[in-house]
Amino acid sequence: MANMNYCPKCATPLESRLEGGRDRMACPADHCNFVHFGDFSIGCAGVVTRVNNGVIEALLVQRGHNPFAGTWQIPGGYAENDELLTIAVEREVEEESGIIATVNDVVAFRHSLAGTTGGPSTNVYIIFRLDYQSGEPTVDQDEIADAGFFTLAQMESMEGVQGLSKWGIQQALRTKSGSGLSVGEQAGRQGWQIFGLTNVTR
Ligand SMILES: [Zn+2]
């Protein structure tokens with residue numbers, strides 16, 4: 001990773017400092033606590049299913065832009081720096097497909113180092129299970145070319161369904177609703193969420 005020389009918060013020249021077991025570029029200015037830990041991002045995506053004539057279908061969207069234009073994946077995107085994950089994934093699902101769905105639980109996540117997925121930063125991509133509420137697939141025909149509900153059998157015969165999306169759907173279909181990591185109900189601070197296993201027995 002290229003060195004960062006100036007503080008992105010206050011533009012003071014950064015200095016190398018031992019921080020958390022490694023030398024890192026850190027801001028020496030008073031009242032600025034910036035430390036350059038790295039370049040990270042958080043992605044979130046949603047598995048939304050519904051039953052049609054007794055068969056389970058899952059929501060997919062088709063990318064309209066590169067990279068990977070034309071491929072199909074579960075709807076999702078980057079969580080904003082000031083946005084809680086459950087808000088981000090519900091927003092992305094609605095923006096990309098017109099479907100209103102609410103977070104149930106986390107069924108899987110992927111951790112990838114910068115460059116390994118084509119993304120610019122080291123990334124955690126969290127796959128949620130969402131409960132369908134309302135709406136029919138509707139797309140902007142720009143960022144998203146198409147959207148629809150498909151069975152796993154249909155996905156097998158479709159071109160360009162992203163492997164990670166299919167795996168996420170399978171994770172959701174073979175586990176009990178609510179058995180994944182769910183948002184904890186304990187009173188927390190403003191601006192944070194905790195996720196824990198709840199609907200599981202031993
Ligand atoms: Zn600073």
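The values are calculated or read from the model by the stated rules, or taken from the named source; none is laboratory data. As the structure is a prediction and not an experimental result, all values here were calculated from the model. All Cβ positions, glycine included, derive from the backbone under ideal geometry; neighbour counts span all protein chains shown.
The table for this structure:
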| read-out | value |
| --- | --- |
| Single unsatisfied condition, TRP167 versus (1) among the aromatic types (Phe, Trp, Tyr); (2) closer than 21 Å to ALA69 by Cα; (3) modelled with pLDDT under 95 | (3) |
| Some residue of region 45-58 being away from the ligand (no atom under 16 Å from the Cβ), β-branched (Val, Ile, Thr), assigned by TED's automatic domain parsing to the domain that holds THR122 and free of Cβ contacts under 8 Å to residues at least 60 places away in the same chain | yes |
| Hits in region 166-183 (condition: buried (at least 16 other Cβ atoms within 10 Å of the Cβ), of a type in the set (A, V, I, L, M, F, W, C) and within 18 Å of LEU197 (Cα to Cα)) | ALA172, LEU181, VAL183 |
| Matching residues in region 60-112 - criterion: being in contact with a Lys or Arg (Cβ under 6 Å, 6 or more places away or on another chain) and either surrounded by fewer than 20 Cβ atoms within 10 Å (Cβ to Cβ) or assigned to a helix (DSSP H, G or I) (or both) | ALA69, THR71 |
| Sole exception among (1) without any contact (Cβ under 8 Å) to a residue 12 or more places away in the chain; (2) touching a Leu at 6+ places or on another chain (Cβ under 8 Å) for LEU152, by number | (1) |
| Residue selected from region 1-53 under the condition within 30 Å of GLU156 (Cα to Cα) and modelled with pLDDT under 95, by the criterion farthest from the chain's Cα centre (by Cα) | ASN53 |
| Subset of region 2-22 [within 9 Å of the ligand (Cβ to nearest atom) and of a type in the set (A, V, I, L, M, F, W, C)] | CYS7, CYS10, ALA11, LEU14 |
